[in-house]
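S.K.: Below is the structure I would like to discuss, written out as structure tokens.
The values are calculated or read from the model by the stated rules, or taken from the named source; none is laboratory data. Because the structure is predicted, anything quoted here is derived from the model rather than measured. Ideal geometry is used to build each Cβ from the backbone, glycine not excepted, and the neighbour counts take in all protein chains shown. Note: accessible area is taken over every heavy atom of the protein model, side chains too, but ligands, DNA and RNA are not part of it. Shrake-Rupley method; radii C 1.70, N 1.55, O 1.52, S 1.80 Å.
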Amino acid sequence: MDTRRLLTTLLIAVALYVLLVPLLRSWSGHNGGNEAAAPSTLPYTLATQAASQPASAPATALAANAATQPASMPASAPAGPSTTVTLGDATSASKDKVELTIDSITAGVDRVRLNINDYAETVAHKEPLVFMEAVPGAPRPFATMSVTIAVGKGAPAFYDLFARQTSWALEASSHTAATFKITLTDDHGKPLIDLEKTYQIDPATYDLSVQHRVRNLTDQPITVAINQLGPTDLPRDNQRFDDRSYDAATLDTAKKIVVAPVDVQMHASLAKFPGGSHAIGAFSGSGPVLWTAAANRFFVAITRPLPTPGAGAPFDFTLEDGRHVQLTNHVASADLDAFTLPVPAGAAVGTAPEQMAITRLNGAALTINPGASADMPLTVYLGPKKREILSGDRDAAPGSDPYLYNVYKYFGNIRFNQSSLCGQCTFEWLAYLILRLLDFLHGTIAFHNYGVAIILLVLVVRAILHPLTRASQINMAVMGKKMKEIQPLLEASKKKYAKDSKKASEEQLRIYRENNVNPAGPLLGCLPMLLQTPIWIALYAGLAVDIDLRHAPFIPGWINDLSNPDTIYPHPIPPIGHPLFHLPLLGDIYGLNLLPILLVAVYYFNMKAMTASQPAVADPNQAQVQAMSKYMVFLFPIFLYNAPSGLNLYIFASTIGGLIDTWFIRRTLKARGILPQSAAGVASPNPLM
């Protein structure tokens, strides 16, 4: 097969991949395929909560609990009108970090926004970022779902506040706090408990406090368990693939350390949950859960249940370094539920229903004496995956946010390997080091422009690796010249000992030895590439998740957001922009991106320089492989089409740097007589080197 036929075959294969795979996937999706069955539209059934309910709690489906309610519970309509209250202010005139809108129906959260001065919804910077938002028809984030009450030794009564869509009364509110209240009674209308729920934000931080307070109104001890929700899905913010994730932290009681993250679940896993629910874990026993988290690429909601004030020593654990963590006593376990949303009216026939994830906290029973009250607090972080925030400070004042974030390992939510094609090959310490260097360049000599900082990072990496790159390329050129000189001897020995393979191998080794040729020389030439591979993977992972690059511009009007593709024509390109063309590794093509096209151009010049500088290969098989490798580099920009423009900018600058390296190395080779004076240049077979 000649080079032309080989190239034609390669291009046909790529065309088939681009065109047929999405069509087959689409046909499979519209005709049943092998997709997993969608979970029930109900977020959970009481049967899945058995471990967290008192023994006699009814185990019936959520929507069928009406018959189990005490007679004095409100009818299926809300007990009162819907009331909303907003804490904080996300507009530019405010310094509040978080704005929280709460609805009295189930006392859940309608919307969370972050201050526009810190994070905007789009590059246009016109609206604050919507961090989390309730979905019509689905439970609200942090809603109170149900309460189970047992008076004395009596049978427990189950109050399904979600099925009843119970409206809470707004007791008090301010700019930073709001308290809602309901009173639950028995079948005869006798009050059992006052239940208050307080939301409070800290204007200077991303912290939210959510607390239930139960007051016993009877003359007997009561046991109370409250089931509540944590965060729901954060918005998807990556057009290449859905990288929304859910994880947790646990306490290794044997080693006395906090382990985070554990049990990472991606959004695509929702359809695979048996019964539509996945058990995150228990908050007691061996390896108890400490916190749960819902995240997207740049933001995270971390929910950490605290113990009831005055709970005592059993809920305080000493780590191996002498620091302390607290275990909760009012949350028994946590689950991740898949909630299937109804297909919107007017959607195309065959449109698959979307799924959302809901974190559920199953209550543990607390005993409350007559006339006494008990608090059940949660602390929630609603903010960016910013390294300097989540890593905290080990030496900060005990009890402060930086100290607690460090103790509980909130930094585990920044998973550098989540966006890497080679996740297991990502060295997180290296990604962190590269980003620290990028921050230094950005803050010192890059004019506070991350695009300029990325280009300077290219110079730093190339300067560090240049001696090795130079030595390896010179070695490859020398070996190539010697191999060409001894090729007639090798061909002659092959013919002479055609019937004696052992003798032919011995003769070949003798020729190598006498002419000082190392057969492994070409492999040694790949050493710089092997050394750079971890750097590239770490860089890819770091730039993909670094929130500092979100909406960070390089050249206004062209590259306005280094965390996303540099789309210069933000409209679908028929037919590529059609939804049928969701390509593996590429995602949906939403517009015309310029940097990947420029990458093709510099790769072409790099390939031409390589062709002009390398000695001709005498072996036809090697020549064929070399010809194919030249054109394979054009596939790389295709797979980077939807990659963050910050990464493509780095690769573009590095390839240009490689061409400059070529010019200097060419001079050395000409001076040594390895290349003729007319040689055009020396380029690396790997355009990233």
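S.K.: Would you confirm whether or not region 641-664 contains a residue that is within 23 Å of Ala544 (Cα to Cα), modelled with pLDDT under 75 and either out of contact with any helix residue (DSSP H, G or I) (no Cβ under 8 Å at 6 or more places or on another chain) or not charged (D, E, K, R) (or both)?
M.R.: Within region 641-664, none of the residues are within 23 Å of Ala544 (Cα to Cα), modelled with pLDDT under 75 and either out of contact with any helix residue (DSSP H, G or I) (no Cβ under 8 Å at 6 or more places or on another chain) or not charged (D, E, K, R) (or both).
S.K.: Tell me, which residue of region 655-676 that is outside any helix (DSSP H, G or I) and open to solvent by 20 Å² or more (accessible area, probe 1.4 Å) is farthest from His466 (Cα to Cα)?
M.R.: Residue satisfying both the conditions and the ranking: Pro676.
S.K.: Next question, about the same structure. Of the conditions (1) open to solvent by 20 Å² or more (accessible area, probe 1.4 Å); (2) not in a strand (DSSP E or B); (3) not basic (Lys, Arg), Asn238 fails just one. Which one is it?
M.R.: It fails just one condition, (1).
S.K.: Identify all residues within region 247-257 that are under 21 Å from the mean Cα position of the chain (by Cα) and either surrounded by fewer than 20 Cβ atoms within 10 Å (Cβ to Cβ) or among the aliphatic types (A, V, I, L, M) (or both); write none if there are none.
M.R.: The answer is Ala248, Ala249.
S.K.: Could you tell me which residue of region 480-491 is nearest to Leu437 (Cα to Cα), considering only residues that are in contact with a helix residue (DSSP H, G or I) (Cβ under 9 Å, 6 or more places away or on another chain) and open to solvent by 20 Å² or more (accessible area, probe 1.4 Å)?
M.R.: Among those that are in contact with a helix residue (DSSP H, G or I) (Cβ under 9 Å, 6 or more places away or on another chain) and open to solvent by 20 Å² or more (accessible area, probe 1.4 Å), it is Gly480.
S.K.: Can you report the number of residues in region 184-209 which are of a type outside the set (Gly, Ala, Ser), in contact with a Lys or Arg (Cβ under 9 Å, 6 or more places away or on another chain) and over 15 Å from Leu161 (Cβ atoms)?
M.R.: The number of residues fulfilling the criteria is 7.
S.K.: Here is a follow-up. So how many residues does region 175-200 have that are without any contact (Cβ under 8 Å) to a residue 60 or more places away in the chain and within 35 Å of the chain's Cα centre (by Cα)?
M.R.: Qualifying residue count for the region: 2.
S.K.: Open to solvent by 40 Å² or more (accessible area, probe 1.4 Å) and touching a helix residue (DSSP H, G or I) at 6+ places or on another chain (Cβ under 8 Å): does that describe Ala163?
M.R.: yes
S.K.: Here are some residues: Tyr497, Tyr450, Tyr410, Tyr432. Which one is surrounded by fewer than 20 Cβ atoms within 10 Å (Cβ to Cβ), aromatic (Phe, Trp, Tyr) and touching a residue at least 60 places away in the same chain (Cβ under 8 Å)?
M.R.: Tyr432
S.K.: Here's a follow-up. May I ask you to verify whether Asp243 is part of a loop (DSSP other than H, G, I, E, B) and surrounded by fewer than 16 Cβ atoms within 10 Å (Cβ to Cβ)?
M.R.: Against the criterion (part of a loop (DSSP other than H, G, I, E, B) and surrounded by fewer than 16 Cβ atoms within 10 Å (Cβ to Cβ)), Asp243 does not qualify.
S.K.: I'm trying to understand the selection: among the residues of region 201-211, which are assigned to a strand (DSSP E or B) and within 28 Å of the chain's Cα centre (by Cα)?
M.R.: Within region 201-211, Ile201, Asp207, Leu208, Ser209, Val210 qualify.
S.K.: Also: Being part of a strand (DSSP E or B), open to solvent by less than 40 Å² (accessible area, probe 1.4 Å) and small (Gly, Ala, Ser): is that true of Ala178 here?
M.R.: Yes; evaluated as a whole, the condition is true for this residue.
S.K.: Also: For region 84-93, indicate whether the set of residues that are buried (at least 16 other Cβ atoms within 10 Å of the Cβ), within 27 Å of the chain's Cα centre (by Cα), at pLDDT 50 or above and closer than 22 Å to Ser209 by Cα is non-empty.
M.R.: Scanning region 84-93, I find at least one residue that is buried (at least 16 other Cβ atoms within 10 Å of the Cβ), within 27 Å of the chain's Cα centre (by Cα), at pLDDT 50 or above and closer than 22 Å to Ser209 by Cα, so the answer is yes.
S.K.: Further question on the same structure: Among the residues of region 142-152, is there at least one that is free of Cβ contacts under 8 Å to residues at least 40 places away in the same chain and either open to solvent by less than 40 Å² (accessible area, probe 1.4 Å) or in a strand (DSSP E or B) (or both)?
M.R.: Among the residues of region 142-152, not one is free of Cβ contacts under 8 Å to residues at least 40 places away in the same chain and either open to solvent by less than 40 Å² (accessible area, probe 1.4 Å) or in a strand (DSSP E or B) (or both), which makes the answer no.
S.K.: Let me ask something additional. Residues being of a type in the set (Asp, Glu) and either assigned to a strand (DSSP E or B) or surrounded by 18 or more Cβ atoms within 10 Å (Cβ to Cβ) (or both): count how many of those fall in region 101-141.
M.R.: 3
S.K.: At least 1 residues that are open to solvent by 10 Å² or more (accessible area, probe 1.4 Å) and of a type in the set (S, T, N, Q) in each: list the strands (runs of 3 or more DSSP E) lying fully within region 270-377 that qualify.
M.R.: By residue number, 277-282, 316-318, 324-326, 331-340, 355-363, 366-368.
S.K.: Looking for something modelled with pLDDT of 85 or more, surrounded by 16 or more Cβ atoms within 10 Å (Cβ to Cβ) and over 30 Å from Tyr432 (Cα atoms) - is there at least one such residue anywhere in region 534-545?
M.R.: No, there is no match, as no residue in region 534-545 is modelled with pLDDT of 85 or more, surrounded by 16 or more Cβ atoms within 10 Å (Cβ to Cβ) and over 30 Å from Tyr432 (Cα atoms).
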